[in-house]
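Trainee: One structure is given below, represented as structure tokens, and several questions about it will come after.
Throughout, read-outs are computed from the coordinates displayed, never taken from laboratory work. Keep in mind it's a predicted model, so treat the numbers as computed, not measured. Here the Cβ positions follow ideal geometry from the backbone for every residue, glycine too, while neighbour counts run over all protein chains shown.
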Amino acid sequence: MIARVTLEIALRKEFDYAIPPEFAGQVEVGSRVKVPFGPRQVLGVVTSLLEASTHPNLRPVLKIIGRQSQVTPRVLQLARWIAEYYCCPVEIALKGVLPEAVRKEAEGWRQRLFVSIVPPSGGMPKLTRRQQDAWNVIEEWRELPLQELLRLTGTTAKTVRQLEDLGLVAIRRKVSERDPYAQEHILPTQPLRLNPEQSAALAKIQKAIVAPPSSRLTPHASDSVPAASRTFLLHGVTGSGKTEVYLQAIAHALEQGQGAIVLVPEISLTPQTVERFKARFSSGKLQTLVAVLHSHLSAGERHDEWHKIRQGRARIVIGARSAIFAPVDPLGLIVVDEEHEHSYKQEEAPRYHARDVAVVRGQMEGAVVVLGSATPSLESFYNAQRAKYALLEMPSRVDDQKLPIVRVVDMRKENRKGKGVQIFSQQLKEAITRRLEKAEQVILFLNRRGFSTSLQCPLCGYVAQCPNCSVSLTYHRAALKLLCHVCGHQATVPQVCPQSNCANPAIRYSGLGTQRVEETLGRLFPAARIRRMDSDVLKRKDDYRRILTDFRTGKIDILVGTQMIAKGLHFPNVTLVGIVHADLSLHIADFRAGERTFQLLTQVAGRAGRGDVEGEVFVQAFTPFHPAIQYARRHDFPGFYEQEIEFREQLKYPPLSRIALLMLKGRNEEKVMFSANHVRCQLEKELAVLKDLIIAGPAPAPLARAEANYRYQIMLRTRQMTQLSRHLARLTESWSLPADVVLSVDIDPVDLA
Ligand SMILES: [Zn+2]
Ligand SMILES: [Zn+2]
């Protein structure tokens, strides 16, 4: 037999190897193998088994890594789709689907010495005091790791050896599974009572989960239930109880003999979230292990969690982006929580979007996919409007809690009062004072992103925009230039605000960060206990958790933070949320700026009023009448969607098109520019077949220079992305760029600023 192998070194080619007799029957599609390649030995994945090869004198497979094949045929098929759609070699896609800890040859199960009790034959020998102490513990545990025994009893290994000599215990080497959540004490929970909206949503999802036909390997196969009714968009406001719907849908999948994958943004993978899933399935007839996959696990923990899934012992997986590749089989349900989150997009190759991969995997395996959000992405809602996804709505909070009252404060008026540029409005200051007096808690939110990249007048709210692309111009302080990074449009920085009735000369000097907010707050409220939470203060792994625990237990009055505090957190005593400068995300140089601001405001506002007292939200803004702010104030997602989709339609932005972003990087700016222009010419010539193609750029990337590299980008827009990807794969192979200029392709990028 012959094995066709994809090697880890990206060569866009496959190679045939002979399977030696000693491995007969052990090599399957998806096996990881070590093979000779030139003078080297390299790792690869078997992609097919053949009777014969056209190549003579095949070299043999040297070693099989692991007892089970690591890439199941279904995941292999998914990797092939990723390679094709996201325009990358299969080797790179295959690397993306296996955690590094599983791919590595060296990583394995951890072996430890265990002490176990041996039933005494005949009478109990007389023991010394130390021996007796150790024996008591062993008798109680029946079996435990030697290290653990020594720690518990303070005894020595010698004492335990003496017990072994007496025939009372056995000491053996055994696999000891690493459990990242071993320290947590998890109490089982029962399904909660659902309100009518939750029940209706759950019923539809459950109905779609059916036992799968024995094998289904063709994508878009003609199924009895059409694919559309298997992908749901669950639009539920903050606090509407989406997680409980997920939990009961998973229970239904388990009852049908199928497993589930739950994706959550990395930042929401708090121990509390994980605990909710573990607690529900820790006992009872649906008991199963819940495996967790995310980047804070050690390599060993990740290895063990992954293999628990592969062996079928863990039927539920909860994890960040890459958990979408978990080898759950059969797979009945995929949940993508907070589906609008940008962290689902991988920023390096393979540059896949886990939400979109989830939908494709669901179709390939006949699994139900539930995309959940309080603020769905325009892409997903557009698909729901066109009946590609089935829409489930949960417009009210559980337990009849009210959505918070949102007040928008016009900061232009505050600043015109003549005391210079203010951080806090009078209204917000008074509101904070009132809440602190009642011993309630406050969250102040500042989205620091893009803080220095747009030019905004603090008096009238004017923002410099590109006349061609409707994105904010990027302000390059050093060069005193305004630049559009989509089309390359350039403008000089005005001396005074260009609004004729304003003419503010201080236009160039605005900006603030979380640190300044914290300092000012300390001066205004000297008695309050204030903590700041952003990536600067969170140096250690437990910091995040410790600050949240302190906040939960009332040791902090005011929490100041960035995106980190926007999501999924539930604090019943928080009654006031202040968004210090809503414009910061509104004027980033990205056509999704409005959408992101709407999402952020809605999510942050959702932190208020989760307990018995009604919540209140203050949004401070320099452009208070911007639709993103006004629709968020009224909790009006459909209204926001309607006006935003019109804007996208006019300028042919997603979801009315798809984007491919070509990035060229290099140390020599002239060479990079020259190459970028060359690439643009080639694209115009070669892609004339795509009638709706729009080519913009080359233009300097928003981050124009990173790690001493100059970066230029070209943006392509079309509705026919599958075709464009195919062309790009062929073209990028054929271009000969200078050796020190690197080209990368990003399909469906989410972050342009
Ligand atoms: Zn102005
Ligand atoms: Zn432009």
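Trainee: Can you give me the pair-distance distribution of region 292-335, C-alpha pairs, 10 Å bins, whole percents?
Mentor: 29, 61, 10
Trainee: Right, next: Ordered by packing density, taken as the mean number of other Cβ atoms within 10 Å over each peptide's residues, highest first, how do 355-367, 265-277 rank?
Mentor: 355-367, 265-277
Trainee: Could I ask something else about it? Just the C-alpha atoms of region 311-412: what Rg/Rh do they give, with Rh taken as the Kirkwood radius?
Mentor: Here the Rg-to-Rh quotient is 1.06.
Trainee: Also: Please state, to two decimals, what the Cα-based radius of gyration of region 663-753 comes to when divided by 2.2 N^0.38 Å (N = residues).
Mentor: Working: Rg = 12.9 Å, N = 91, 2.2 N^0.38 = 12.2 Å.
Relative to the rule-of-thumb radius for its length, region 663-753 sits at 1.05.
Trainee: Using a basic spin-label model with each label point 7 Å from the Cα along Cα→Cβ, how many nm lie between T189 and E430?
Mentor: Taking the simple label geometry, T189 and E430 are separated by 4.0 nm.
Trainee: Quick one: the Cα spread of region 452-504 along its three principal axes, in angstroms, biggest first?
Mentor: In descending order, the Cα extents are 30, 24, 16 Å.
Trainee: Out of the DSSP beta bridges found with both residues in region 225-360, what percent are antiparallel (nearest 5)?
Mentor: About 5 percent, rounded to the nearest 5.
Trainee: So if I take the alpha carbon set of region 1-158, get Rg, then get Rh from the Kirkwood formula, what is the Rg over Rh ratio?
Mentor: Ratio value, two decimals: 1.27.
Trainee: Computed on alpha carbon atoms, what radius of gyration and Dmax characterise the chain, expressed in Å?
Mentor: Gyration radius and largest Cα-Cα distance of the chain: 29.2, 102 Å.
Trainee: If the cut-off is 14 Å between C-alpha atoms, which aspartates and glutamates fall inside it for K63, apart from same-chain ones fewer than 8 positions away?
Mentor: Qualifying aspartates and glutamates at Cα under 14 Å: E22, E28, E105.
Trainee: For region 49-101, what number results from the quotient of the Cα radius of gyration and 2.2 N^0.38 Å?
Mentor: 1.39
Trainee: Compute the distance from the alpha-carbon center of region 291-353 to that of region 617-686, in whole Å.
Mentor: 29 Å
Trainee: Over all Cα pairs of region 539-667, how is the pair count split among 5 Å bins, expressed in % and running from 0 up to the last occupied bin?
Mentor: That works out to 2, 9, 16, 18, 15, 13, 11, 8, 5, 2, 0, 0, in percent per bin.
Trainee: Once all Cα-Cα distances of region 229-268 are split into 5 Å bins that start at 0, what whole-number percent is in each one?
Mentor: Pairs per bin, as whole percents: 6, 17, 23, 30, 17, 6, 1.
Trainee: By counting other Cβ atoms within 10 Å of each Cβ, how are T553, T433 ranked from fewest to most?
Mentor: Details: T553 9, T433 12.
Ordered by Cβ neighbours within 10 Å, fewest first: T553, T433.
Trainee: Identify the GluC sites (Glu not before Pro) of region 1-56 meeting these criteria: DSSP loop state and at most 15 other C-beta atoms within 10 Å of the C-beta.
Mentor: Passing both the DSSP loop test and the Cβ count: E28, E51.
Trainee: Can you work out ³J(HN,Hα) from phi for every residue in region 236-245, in order, using Karplus 6.51 cos²θ - 1.76 cosθ + 1.60 and θ = phi - 60°, giving whole Hz and x for Gly and Pro?
Mentor: Listing the rounded values in order: x, 4, 4, x, 8, x, 5, 4, 5, 5 Hz.
Trainee: Volume per residue, Å³, of the convex hull around the alpha-carbon atoms of region 100-170?
Mentor: So the per-residue Cα hull volume is 113 Å³.
Trainee: Give me the percent relative contact order of region 556-700, please, defined on Cα pairs under 8 angstrom at least 6 residues apart.
Mentor: Relative contact order of region 556-700: 20 percent.
Trainee: Now for a separate question. When the chain is fully extended, how far beyond the present Cα-Cα distance does W735 get from R313, taking 0.36 nm per residue of separation? Walk me through the intermediate numbers first.
Mentor: On the way: separation 422, 0.36 × 422 = 151.92 nm, distance 4.83 nm.
The W735-R313 span can extend by a further 147.1 nm.
Trainee: Could you tell me what percent of the DSSP beta bridges with both partners in the chain are antiparallel, to the nearest 5?
Mentor: 55 percent
Trainee: With respect to the cross-link table entries K242/K388; K204/K652; K13/K34; K174/K308; K13/K388; K104/K671, which display a Cα-Cα separation exceeding 28 Å?
Mentor: On the way: K242/K388 21 Å; K204/K652 34 Å; K13/K34 16 Å; K174/K308 16 Å; K13/K388 36 Å; K104/K671 38 Å.
From K242/K388; K204/K652; K13/K34; K174/K308; K13/K388; K104/K671, over 28 Å: K204/K652; K13/K388; K104/K671.
Trainee: Also: Given K95/K685; K417/K438; K95/K345, which pairs have Cα atoms separated by over 23 Å?
Mentor: The answer is K95/K685; K417/K438.
Trainee: Here's another thing I want to ask about it. Between A203 and Y181, take the C-beta separation as r, use R0 = 25 Å, and let me know the FRET efficiency to the nearest 0.05.
Mentor: 0.20
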